[in-house]
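First the structure, in the form of structure tokens, and then the observations on it.
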Amino acid sequence: MNQIVSIEIAAGLRIHLRAMQLEDLPQIVAIEAQSHLEPWTQHAFRAEMETSLVAQPFVALRQDEIVGYIVPWFVADELQIANITVKESFRQLGVGRLLLAHALELAQQRHCRVAYLEVRDSNAAARALYASMGFVVEGVRPKYYGRAQEDAILMKKDLLEA
Ligand SMILES: CC(C)(COP(=O)(O)OP(=O)(O)OC[C@H]1O[C@@H](n2cnc3c(N)ncnc32)[C@H](O)[C@@H]1OP(=O)(O)O)[C@@H](O)C(=O)NCCC(=O)NCCS
């Protein structure tokens, strides 16, 4: 995803989407550290951009400020959401929905059959976002998140449905 998408998600709030770039990493790592119990490192994001054969990470910007990002993996005919994060001060404004909707659109263009993601059992905000976009619970991975010994909920969305 190299092109820039520009959408006004609320009155006066125009968000741009573009491919993640190396110079984004300081902002991304700061947002990541504030947002996750087990945050990805700069090295991990770098690997997604430089060496992964399946990742197509992109960011959401308000002017020059990164307000969110998503790391979709396209593996054969499946989409896997490896990371989706919105900067705390920009949450509940529609940025997460925009990021996920765009990843799903890319998956449709690639004729993907299904989308998967994992979410912490306790992450009510993320689970509500996914459910509102048609993801359903597919299973549970017990104690998947090591530090908190928390279950992961596996969610799935069929992309071939009308
Ligand atoms: C999960 C996350 C990405 C959502 O991003 P967001 O930009 O705040 O979400 P949106 O504003 O697009 O919300 C879309 C829908 O999600 C749900 N939602 C979002 N935040 C919610 C909250 N705090 N409580 C309940 N529902 C919530 C609602 O259904 C909302 O739709 P509505 O506005 O029509 O009610 C964001 O909270 C986040 O970055 N959290 C920390 C990182 C994280 O947990 N990532 C997911 C890991 S699996």
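Observations
- Residue tally, condition more than 11 Å from the ligand (Cβ to nearest atom), of a type outside the set (D, E, K, R) and without any contact (Cβ under 8 Å) to a residue 60 or more places away in the chain, over segment 141-153: 3
- Val67 passes every criterion in (1) touching a helix residue (DSSP H, G or I) at 6+ places or on another chain (Cβ under 6 Å); (2) surrounded by 15 or more Cβ atoms within 10 Å (Cβ to Cβ); (3) more than 24 Å from Ile9 (Cα to Cα) apart from (3).
- Segment 1-26 - residue that is polar (S, T, N, Q) and either closer than 17 Å to Gly96 by Cα or over 16 Å from the mean Cα position of the chain (by Cα) (or both) and, of those, surrounded by the most Cβ atoms within 10 Å (Cβ to Cβ): Ser6
- Subset of segment 74-116 [of a type in the set (D, E, K, R) and near the ligand (Cβ under 7 Å from one of its atoms)]: Arg91, Arg97
- Cβ pairs under 8 Å, 6+ apart, first in segment 116-140 and of a type in the set (Lys, Arg), second part of a helix (DSSP H, G or I) and within 11 Å of the ligand (Cβ to nearest atom): Arg120/Ala126
- Set side by side, the residues Ala125, Ala131 differ, and just one is modelled with pLDDT of 95 or more, surrounded by fewer than 19 Cβ atoms within 10 Å (Cβ to Cβ), within 14 Å of the ligand (Cβ to nearest atom) and more than 29 Å from Leu25 (Cβ to Cβ), which is Ala131.
The values are calculated or read from the model by the stated rules, or taken from the named source; none is laboratory data. It should be emphasised that the depicted structure is a prediction, and the values quoted were computed from it without experimental measurement. Methodologically, a virtual Cβ is constructed for each residue, glycine included, from the backbone with ideal geometry; neighbour enumeration extends over all protein chains shown.
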